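See structure below.
The values are calculated or read from the model by the stated rules, or taken from the named source; none is laboratory data. Bear in mind that the values here come from a model prediction, so they are computed numbers and not experimental data. Here the Cβ positions follow ideal geometry from the backbone for every residue, glycine too, while neighbour counts run over all protein chains shown. Side chains included, ligands, DNA and RNA excluded: accessible areas come from the protein's heavy atoms. Shrake-Rupley method; radii C 1.70, N 1.55, O 1.52, S 1.80 Å.
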Amino acid sequence: MKDSIKEIWVFGDYRNYFQNRVTLQLLSRATELAKMLQAKVCAVVFGDQVDEWVNEYIAHGADRVLVIDHPDLKNYKIETYVNLMIRLIGKQRPEIILVGATNFGREFAPRIAKRLKTGLSADCVDLDINDEGLLVQTAPSFGGNILAQIITPECKPQMATVRPGTFQEIPHNYERTGEIVRIPMPADLPKERVHLIFSERSPQRSQRIEEAKVVICGGRGMGSKKKFKKLTELGELMNAEIGATRPVVYANWIEADALIGQAGKHIKPKVLFAFGISGAIQHTAAINNAEFIIAVNKNPNAPMMAMADIAIVADANQVCTAMIKELKVRIRG
Amino acid sequence: MMKMLKLVTCIKQVPMVSELPWDPRTGTLKRNLADGMINPACRYALEAALILKNTYGAEITAITMGSDIAEEVLREAFAMGADRGILVSDPKMAGADTLATSLVLSRAVQTACADFDLILCGCHTSDSETAQVGPQMIEELDIPGVTYVDRLELDGRLLRLQRLSDNFIETLEMELPGLVTITTQRQAPRYVPLAGLQDAFTDKDISRLSLEDLDLDPELTGAKGSPTKIINVFSPTAEKDNIIMKGSARKIVQQLFDQFDDKIGGAIGKDIKDYQESQ
Ligand SMILES: Cc1cc2nc3c(=O)[nH]c(=O)nc-3n(C[C@H](O)[C@H](O)[C@H](O)COP(=O)(O)OP(=O)(O)OC[C@H]3O[C@@H](n4cnc5c(N)ncnc54)[C@H](O)[C@@H]3O)c2cc1C
């Protein structure tokens, strides 16, 4: 058995590395939690030739990295990854496991939690340690305009998923050292029953919204699909990415990957425009890191207006149209 | 001959929140069944099952867990083309998190349709968005399963699936029996004619299952069987000292660009100070 130093594990989700930095963001938060808990931060990496990630995770705060490096692990394989993780957890008994809420993470984490009969809270917007040393998982609560603090008092490990962009990564430090534990690929794993036949990168959007400096978000207050499309024109003039609230996505005014919020993406633009958005917690939870917010709403009392640096009390469409006109005049060359 | 395909769809009744007024086809408000409705992704799962039924022939069992009024979503499932409806209802199940819910639903599938070929769930629900119940049922039932499926195609006992996962378009295969969770990206659910709905209220029977019928220990269900506990709720207050702008849109925009050129112009990488002024 391992000594009694507690561990916080972060699942090393390195696919789409350059766009998806959620593992680094989780390592950053994990190092803060580890201080409160007097614990170590441990990253877990499965894959084929993954040294690059191992070193990266140490540079970003991992004290230890558990690695299983094997050609069979070249592609993410759900059953195999779950089985490997369960074995490692059984041997090492971490206190906490944090998983990025990527598509894979959202499939992987619940299966781990189920196997271990422990709790898992989804899409946490904050993580903390309370006086009893338990992980406090803050997440928007069931439909209401409130945040809930959730704990898993009786089961271990305590598990949470977190959307990319929720926490900020710490700058890398390649001088940092960490323990690398190489674990051989077990020979007796059950055979994978889900087979990847073919995989190709989907055509990417040019400037990803999570990294965009300027984001224009539109809500139901835009009125119609046609009027909403005006935001795209404005976006082109401002080199901005377009985001949306959930009613807009449900109404099919824009594709689902533009969704900003608890159920979508977290963003951290320098400037954020919010057109006709009420400011429900499921949406605003994902824009806390925006530096400068300009909100346009007919209702001066909408929560979105209280969050904004500039609150424009006006019709969202008229302001959008006026901005397009004005920018065309002002931007030359 | 092959036996008739047995499909199970797990559907959840969710509140008809005001943000969901559109029927994408007709552009009208959908309010035909009180204030609850089938969770959108579950409706897509049911549609995927119906397409399999139309192509290969199948029996579809719709299962929902909820209180008595959740019966409505089973009636709607009948109207869409489901053959059997199972309502899993027991006061002891209240307050369940995903661990407890996935246990109850898995047991309900095993009780109501032990020889199922494929279970189809929505990939997430609009009222909680955790997306955890499907994957946890896969574990509970120990069957192959794939989440976030956009398309599926059956070739004998082999199911071929396509999905978008973290920027990769993946084609996957698995043998039946299995479980898939379906997104809202393809195959919009069919329209339910009102006439069908009325028949559905009278024609078909719904079987009810309680915890006892499922032979489940109450300790493992509901709030008791849920390892996560809510200890506190609060509403964050973000009151900024903000600048309020009112008036005609044109005036506001000019003022905005003139006063905040450093912020806005800086971020977009363009000078937006008024031309005349900057000369
Ligand atoms: C589990 C769960 C997860 C969720 N996840 C998300 C998520 O990830 N992202 C998300 O966005 N939502 C999410 N929601 C939904 C969220 O609760 C809100 O319903 C949604 O954000 C509201 O969107 P909205 O602001 O566009 O619409 P509304 O709340 O309807 O607000 C419209 C606003 O527009 C204003 N307005 C109307 N007309 C005009 C006009 N002509 N000019 C200017 N202003 C106008 C109104 O005053 C109002 O403030 C989730 C909900 C649940 C239950």
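Among the residues of segment B:42-60, the ones that are assigned to a helix (DSSP H, G or I) and open to solvent by 30 Å² or more (accessible area, probe 1.4 Å) come to 7 in all. So for segment A:185-201 (the condition being within 16 Å of the ligand (Cβ to nearest atom) and not small (Gly, Ala, Ser)), does at least one residue qualify? There is no residue in segment A:185-201 that is within 16 Å of the ligand (Cβ to nearest atom) and not small (Gly, Ala, Ser).
Using the structure shown, decide if residue B:16 is at pLDDT 95 or above and either under 17 Å from the mean Cα position of the chain (by Cα) or within 16 Å of the ligand (Cβ to nearest atom) (or both). No.
Select from segment A:298-310 the residues that are under 13 Å from residue A:278 (Cβ atoms), open to solvent by less than 10 Å² (accessible area, probe 1.4 Å) and touching a strand residue (DSSP E or B) at 6+ places or on another chain (Cβ under 6 Å) and list them in ascending order. Break it down into steps so the answer makes sense when it comes.
Quick first cut of segment A:298-310, residues under 13 Å from residue A:278 (Cβ atoms) only: A:298-308.
Then drop every residue that is not open to solvent by less than 10 Å² (accessible area, probe 1.4 Å), which leaves A:302, A:304-305, A:308.
Listed by number, the residues that qualify are A:304, A:305, A:308.
Just one of the numbered conditions (1) open to solvent by 50 Å² or more (accessible area, probe 1.4 Å); (2) at the interface with chain B (Cβ under 9 Å from one of its Cβ atoms) is not true of residue A:155: (1). The residue that is nearest to the ligand (Cβ to nearest atom), among those in segment A:141-152 that are part of a loop (DSSP other than H, G, I, E, B), at the interface with another protein chain (Cβ under 7 Å from one of its Cβ atoms) and modelled with pLDDT under 95, is A:143.
Among the residues of segment A:209-220, is any of a type outside the set (S, T, N, Q) and farther than 25 Å from residue A:167 by Cα? Checked against the condition, which is being of a type outside the set (S, T, N, Q) and farther than 25 Å from residue A:167 by Cα, segment A:209-220 yields at least one hit. The set of residues from segment B:211-267 being buried (at least 16 other Cβ atoms within 10 Å of the Cβ) and at positive phi comprises just one member, B:222. Applying the condition of being at the interface with chain B (Cβ under 9 Å from one of its Cβ atoms) and open to solvent by 20 Å² or more (accessible area, probe 1.4 Å) to segment A:235-246 and asking which residue is farthest from the ligand (Cβ to nearest atom) yields A:239.
Among the strands (runs of 3 or more DSSP E) confined wholly to segment B:105-177, which include 2 or more residues that are at the interface with chain A (Cβ under 10 Å from one of its Cβ atoms) and at pLDDT 95 or above? Give the steps one after another, and end with the answer.
Numbers: elements: B:118-122, B:145-155, B:158-165, B:168-175.
Because the criterion is at least 2 residues that are at the interface with chain A (Cβ under 10 Å from one of its Cβ atoms) and at pLDDT 95 or above, the strands (runs of 3 or more DSSP E) in segment B:105-177 that meet it are B:145-155, B:158-165, B:168-175.
Note on segment A:216-233: among residues that are charged (D, E, K, R) and away from the ligand (no atom under 13 Å from the Cβ), the one that is least open to solvent (accessible area, probe 1.4 Å) is A:233.
Which one is surrounded by the fewest Cβ atoms within 10 Å (Cβ to Cβ) among residues in segment A:102-124 that are in a loop (DSSP other than H, G, I, E, B) and at the interface with another protein chain (Cβ under 9 Å from one of its Cβ atoms)?
Per the stated criteria, the residue is A:117.
Of the strands (runs of 3 or more DSSP E) lying entirely inside segment A:1-93, those containing at least 3 residues that are in contact (Cβ under 8 Å) with a residue 24 or more places away in the chain and surrounded by fewer than 23 Cβ atoms within 10 Å (Cβ to Cβ) span A:64-69.
Every residue, every condition in (1) within 30 Å of residue B:173 (Cα to Cα); (2) in the same structural domain as residue A:279 (by TED's automatic domain parsing), yes or no:
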| residue | (1), (2) |
| --- | --- |
| A:176 | no, no |
| A:189 | yes, no |
| A:193 | yes, no |
| A:199 | yes, no |
| A:215 | no, yes |
| A:220 | no, yes |
| A:225 | no, yes |
| A:230 | no, yes |
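Quick test for you: out of B:103, B:46, B:50, B:120, pick the one residue that is in contact (Cβ under 8 Å) with a residue 60 or more places away in the chain and closer than 18 Å to residue A:109 by Cβ.
Working: B:46 fails: closer than 18 Å to residue A:109 by Cβ; B:50 fails: closer than 18 Å to residue A:109 by Cβ; B:120 fails: closer than 18 Å to residue A:109 by Cβ.
The match here is B:103.
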